[in-house]
Each structure stands twice: as structure tokens, then as C-alpha cells.
Amino acid sequence: MKTVFARAATESLGLECLSAALKARGQETALVYEPLLFDSFRLRLPFFEPESAARTARRLAALRPGLVGFSAESDHFQWALAVAREFKRLSAAPVLFGGVHPSTAPEAALARPEIDLLCVGDGETAVCELADRLEKGRPLDGLRNIWFKRNGAIVKNPVRLETNLDALPFPDKDLFFREYPGFVLDTYSVVTGRGCPNACTYCHNSSMRRTLSRLGCHDKFLRRRSVGHVLAELGAAKAKYGFRRVSFCDDLFISDPAWLEEFAAAYPRAVGLPFFCNIHPADAGERAVGLLKAAGCTAANMGVQTVSETIRRNCLGRSESTEASVKALRLLRRAGIHTYTNFIFGLPGQDGAELERVAAFAAANPAGFHDVNWLRYYPGTAMLEQARGSGLLTAAEAAAVEEGAYRVPYGHGGHSWTPERAKLRNLVFLASLFPVAARAALRRGLWRLLPSASLRLPAIAAAALKARYRGNRNPYPNFSLAGSLKYFLTYLLRVYARRAAAPALNAARRLYVGARGALFLAGLLDARRAARYAAYFLKRNLLRRRIPGMAAFAATFACQCRCGACSSDTFREVFRDKVMDKELALARIRELAALGVPRLHFTGGENTLVPHLPDLVREAAAAGMTVFVETNALSVTEPLARELKAAGLACLNVSLDSAEPCAHDGGRLAPGCHSAAVNALELARRIGLPAMASCYATRETAADGALAGLLAAAAAAGAGAVRVLPPVPSGAWAGRFEELVLTAGDREGVLRAAAGAPLPVLDRTGLVDCELPSAYKIMVLPDGSLAPCEHLPYIFKDSEKLAVSDLIAAAYGESRFGPVLKCWPRNPDWRAAHPEAAARRAVYLPAGGRE
């Protein structure tokens, strides 16, 4: 089975671990990545970010997954939901969510209709077993860490952690390397453990620990890979990819002194590349910093959060002193390690004076870069409960956090942005570069002249350039400056430029597809047919005469198939297997010819079952009408095909629902139907009879590549063109209006498939103004009665007794049918006002009354 992961904005080590575990079990994996360049932690200008959920969903569906997985943090939880929501329109594959946000608010997450399955906590063993059970159709009861829904109720399986990390395969870096090689080549990201020894009130580690405890999981939370296992991964990856630096993404890298001693002794020989890591000030003693330097550490990140020890202790749950941070910074600076500090603005109890003390601390204690983030509440954290209990957040605001409805990242405002705080934040940034000027700005209050717009990006880039100038060639936490720029430009050109050009490209595609289709149709016209069309356009458009442009002629509703796409069920209930009398049929054809109707389609049931079909075709063709025969091909033989050609048939329209025989035959409940369709197209090509395949485009086939496969199969079988129709909610599809609607994105998928097809495609999926009030079309039924449209359940009462011209004069017009609509059966307002359209029963209209 294929599992396809969706990810936005950043590489995910978690998905790489899941992919590796699945591949080790023989499963196939793939990734769909969305960069969100203008709506991520790096840069947030959401008004520049185009809608991407529908596009991402179509990319997922095109891979035909058996399971789709999302690893979602709070900041992109809503994006993931939007993608999942759109994906569920296109595919029946189950949707699995996991990651920090769903795992720390599991009940709220699984209550969402977009989510079918939830992985709580570690997923390597759980997701592999899930994929195996789904593939074999086995129940999910008892599957650890996997929650699911049964009849709308949440089923909670037990939750356990992976306790032996050395037993897990190395992460599948190819998953993201194939997407963008810079994810690996610029900096190799790795984790050496899971969990954290601390319990900071704002951190996902504390929320995960609290959630696991609540769910009855008491496995050891802090786990560490052996040094040998970590170095084996890095050695193998270095030989494969040739990356230049390493980023250890553990929340605290040096909390275990014995592990650090072993690592520092072995890493320079085994890997020997500069690296970045996260550290805690209480762990950054002289010995630990010395070991980091000896091992090759060139950059580190250290959380200080606040200079108030009271706030740090009572609000954040941290016990270290401010002096410990001062000492750690001094040791790191002396070791030449470019250090990023982190502070949080907007903490409960922080006033303006406290924030000024943070700026003073930054100016007095040089670091590589003093960073400031905004207080952002996350689900499951003790800080969220404190805010809820103290009234800092209302119940609705707290619920929005747990449901992932609040999505401003902590780097871009979180829950605590104010203009004054934003100016002080910029002062802290500048203190990293100009400490003397920052102290002067504090003393004189000049910081109030700073902008409130964030200076973080230029300041952090300037600090890195300053470090490089002073000799540290690798002062980066992950991407280098050049790597960040390359990433941005790559996706700007590869994704965003293409999307900006999409309207023009689609216009060109539409022109190309339309021209090819027009040329095919023009090739069906001889001089008489062309003259008849010219006369029709003159009379209808200039003289304003009500002349049908097309007559649907149902000589029978008998059929060997029972297709979901067929709109004939309503009429079949009335007429059963009745075959129209030959003389009556010929008389109706002569009436249509006398009116000036240019085109006649034999449709309804299967008209090749009508013994006198060649005679009817001959009568219509002799009058100059362009004649089409719609067929499932089960009764098309070579003698019949040759007879229809000799009678003047313009084109044989062969229904082809799928390139896959089982899908085609299964949808029609007629074994051998696919083979018959292919044979009929090949036969038509061999005898020189123009033929086209006819199919419906659904949102699934437009997205998953099935439509493109069908077009290729039709060309291979010998079709001269393919007519692609939109699904119409009539017949067996009558009650499925919402799921049959084609969006603009779905139609774009149809257009792409049509433009790339090896034969002309008549794309009819666009909704055009239905000119039913002006009698654009008319349908002839097996008893000679008349109907306004093959997709509407209406029959004109006693119309078998009327001439076609008299019926049109009496029964049509806006006073009777109402205003012009874009395809009546597909119009939701019209359908709401006409429930009989979905009831699949015939309704008789008075020949001269309002419908």
C-alpha cells in the first residue's frame, strides 16, 4: 500500500522516521510538500500567499494513496484540515493525522470530520501496523497509539512510546531530498533522543507528558539513542549526500554529561562537521561548553525567556537563575560558539519595565543573536490552563487554541503582540549588533522611535554575516544565508511564478483544446451539413426563431447496462423496453428536418438494439442533419457499423468510462463492456467511420490521473476524439448533487489532461447558459412524445399528439420555463425548488402551461 504524506513549510523528521519504518516493512511512501513561503515561521505575509489547499489535495489524489498522513503543528493545523477536507472530495482513502498538535489535543482533533484516524505520540510501530491492517481489511481495535471513529464515536486505543530508539531505522531523508535537495545538502537535521528532562509550562514536551499521563501511558518519556547509533546514521548519510553541517534538533542536547563525553570523543573522527544544537543554561558549564567546542559545535540556541527569576519560576516552571544564563553566555562566547538566545514577550506579569530589563540584558551580555518570540499558547500546556483559569484567555479563546483555530506563529505575534512590545523587541535585536547604541536608546527612551514592524530577518542575517566576518563560517541553526535564499528563490520560481502564470497558461490551454476540438467537429461536416448549420444560425440568432440546435432521439430505453452516470432511469420506468415504431420515428425525424434542426443524437437507452436504426440514420442524414449515435458498443458489429456508415452517420459516440476494464464494467454492471467499447473504436477506425469516445469527468478522475489515462487509452483504441462531460445529478446520480459538483480547480485538472492528450478533446465540463426557454434542445421519446431535456424528469403531457413545431410554440419561453440558467439540473437553487428532479419519477408538464 502507498502512504502519501502532506507537509507544509518545513522538513519533518517525524515523517522521515515514519517513512523509513514503512519502507522497512515493504510499504511505499511519497511526499507532497507545500512551501507556504509567505505564511510560515520564516516570513508571514499571508496576503501574498495564494490558496494552496485545493492544489495540494489534487497533488495527493494524483498519487492514488491508500493512506494519507499529516504531521501537524498548531500553526499549520488549519492548513492541514483544509487540505484534508478538499482531499476527501477527491478520494476515499483514509486520512491520518499525527504530530504535536493532534497528539496534545487528541479528542478535539479526531472530532473533526476531516480526520478519520489519529496517531497519538510515537508512530513508527503504530503506523506500520495501521497500513498493514488497512491493506488486509482487518479491524483497528487494540492497535496501540491509533484512535479512530466507529459510527461517529471515538475509539481510543492504548498509547505507548517507542522505548528502544536504536531499534528504529534511520530516517528516510530521501523523502524530503527528492522534494528539495537543499533540505539535506545545506544542513543535515537529526535528533538523538525524544522527550525532555524539564517541564516548562509553555513547551510541547510538557503538554505531551501531561497528555500521556492522562491517557494512562507511563513509559519513560526521556529516551536517547546511543552515540554509536547516531554516528552510524550521520556517517552513512554523509557518504550518501555529502552535506556540509549538522543540526541536532533535540530540545536539550547536553543534558546527559556522560552521553556528551562519549559523543565529543567520537564525533570529530566519525563525522567531523560543524554542528548546531539546543542547550539549557543550567547545563552549559565549563566542561560541557568545552566538550561542545572540542566536538565542533559552531552555533547553539539557549532559552533565557525572561530576566525575572520570579516569572521564570512561577510562570514558566524553570528554576535556573539569570546568573546561570550570564555565565553560560560568557563561556560560549569565549569558546567561539555563535549563540542564539530566546526570550518571550507577553508573559503574564511582564510589564514594560521588565521588557526594558530584557533589552538591557541583551545589550550587556553579548551573544551571536538575541532573539525574542511572542507568547503563544499551545494545547495541553500548563500555561494554557493557567491562562484559562486566571481569565487571561476566555473559554472561547482557549478552545480556539485546542482546536487549532488560532494560527499566528510565536515568531509573528502569537497571542501577545502590541506596538510598544514590538518596538522593544526590535531594540533587543539591535542590541546584538550595536550594544552601545541600544543602551543609549534605553536610557533616553529613543527606542520608542523604532518601527513596530519586525526587524528580525535583516537583524539575524546581519548577525550571521558579522560572525562569518569574525571567522565563524557556520553560525547557522539550519539553513545558511545562501541556503535560505536559494530555498526561497527555488520555490518562488518553481511554484509561485508558475501559479502566477497559471491564468495565462490555462487560457492558452483552453484555446489549444478548443481549436483541436473545433477542427475535429468541422471534419465531420460535408457541404450539406455545413449549409444546414449556417441556415440554423441565421434563423435562430438573427431571425430569433425557436429552433432546437440539437434533438436527442430516444427510439428505445432498453439497455444492457445500468450505469450510475445514466439519466435515463426516470424515462425507463415509463417506457420499459419499448422500441419506437419505425414509421412514427421517420415522421418525427422529418418534422425535425423541416424545422431546421442541424444535429440529431440517437440516445436514451441503447439505440443499436433498434432494428431499423440504419433507416432512421439514413433519413436524418439525407436531410442534411449531422447524426451521432451514442452506444455502449455491446451490440456494435462490423455489419452494423458498415451499414451506419453507408447510411450517413457522422460519428459513432462510444461510452468509455475508464481505461481500466474492471472500473468500466463495474460501473455499468455489464461484464465485457470495456472490451466491446475498445473493439468498436478499433472497428470504426478500420472501416473509416468517424468515432469518438465519450466519458464523464468527476472530481476524482480529474485529480488522480484516471482521466488522462482514459484519454490515452481512447487514442490507442482508435478514437478520433474524446467528449468529456460533467456529471449530471440525474438518474442514479440524482441524490448526489454536492459530491458531483466540479469546482474551478477540478475543471483545471480536466483542462490539463485535455491539453496533454494525444487526440482532440471536446471539454464540455464548463457550465454554459442553458437556453431551454428558447427551445435550444428537444427530446423525442419512444412513443413519439416530447421532453425538454434528457437530464430533467419532465415529459410534455399528450405531446405525442402534437407536431414538434406546435409544441415548441406552445410550451417554451421564459414565461413558462423561467429565466435562463447555467444548466438547470446542476443549479442548486433550481433543484431546491424542484425536489421532483431528485425523486427519479416522471413529471408530466402541460404542453402550454408553466413548468
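The values are calculated or read from the model by the stated rules, or taken from the named source; none is laboratory data. For clarity, every value in this text was computed on a predicted model and none was experimentally measured. Reconstructed Cβ throughout: ideal geometry from the backbone, glycine too, with neighbour counts over all protein chains shown. Keep in mind that these areas ignore ligands, DNA and RNA; they rest on the heavy atoms of the full protein, side chains included. Shrake-Rupley method; radii C 1.70, N 1.55, O 1.52, S 1.80 Å.
Things to note:
- Residues within region 204-218 that are open to solvent by 20 Å² or more (accessible area, probe 1.4 Å), part of a loop (DSSP other than H, G, I, E, B) and either in contact with a Gly (Cβ under 9 Å, 6 or more places away or on another chain) or among the basic types (Lys, Arg) (or both), tallied: 1
- Residue match in region 343-354 (condition: of a type in the set (A, V, I, L, M), open to solvent by 10 Å² or more (accessible area, probe 1.4 Å) and either in contact (Cβ under 8 Å) with a residue 60 or more places away in the chain or not in a helix (DSSP H, G or I) (or both)): yes
- Test for Lys582: is it at pLDDT 95 or above and surrounded by fewer than 19 Cβ atoms within 10 Å (Cβ to Cβ): yes
- Cβ-Cβ distances below 7 Å connect the following pairs, each with a first residue in region 68-84 that is in contact (Cβ under 8 Å) with a residue 12 or more places away in the chain and open to solvent by 10 Å² or more (accessible area, probe 1.4 Å), a second residue that is in a helix (DSSP H, G or I) and among the β-branched types (Val, Ile, Thr), and a separation of six or more residues or different chains: Glu73/Val100.
- If the condition is being at pLDDT 95 or above and either assigned to a helix (DSSP H, G or I) or of a type in the set (Phe, Trp, Tyr) (or both), then region 16-47 contributes Glu16, Cys17, Leu18, Ser19, Ala20, Ala21, Leu22, Lys23, Ala24, Tyr33.
- Residue satisfying all of: in region 406-420; more than 18 Å from Leu393 (Cβ to Cβ) and over 32 Å from the mean Cα position of the chain (by Cα); surrounded by the most Cβ atoms within 10 Å (Cβ to Cβ) among these: Glu420
- Within region 453-479, if we keep just the residues that are assigned to a loop (DSSP other than H, G, I, E, B) and touching a helix residue (DSSP H, G or I) at 6+ places or on another chain (Cβ under 8 Å), the residue that is farthest from Ala53 (Cα to Cα) turns out to be Pro475.
- Among the candidates Ala680, Ala697, residue that is closer than 18 Å to Glu606 by Cβ, touching a residue at least 24 places away in the same chain (Cβ under 8 Å), buried (at least 22 other Cβ atoms within 10 Å of the Cβ) and out of contact with any His (no Cβ under 7 Å at 6 or more places or on another chain): Ala680
- Subset of region 503-513 that is in contact (Cβ under 8 Å) with a residue 24 or more places away in the chain and either outside any helix (DSSP H, G or I) or not aromatic (Phe, Trp, Tyr) (or both) - its residue that is surrounded by the most Cβ atoms within 10 Å (Cβ to Cβ): Val513
- Considering residues of region 219-249 that are open to solvent by less than 30 Å² (accessible area, probe 1.4 Å) and part of a loop (DSSP other than H, G, I, E, B) only, the residue nearest to Pro181 (Cα to Cα): Phe243
- Hits in region 287-310 - residues which are closer than 23 Å to Ala387 by Cα and open to solvent by 20 Å² or more (accessible area, probe 1.4 Å): Val307, Ser308, Glu309, Thr310
- Among the residues of region 220-272, the one identified as in contact with a Cys (Cβ under 8 Å, 6 or more places away or on another chain) and of a type in the set (Val, Ile, Thr) is Ile254.
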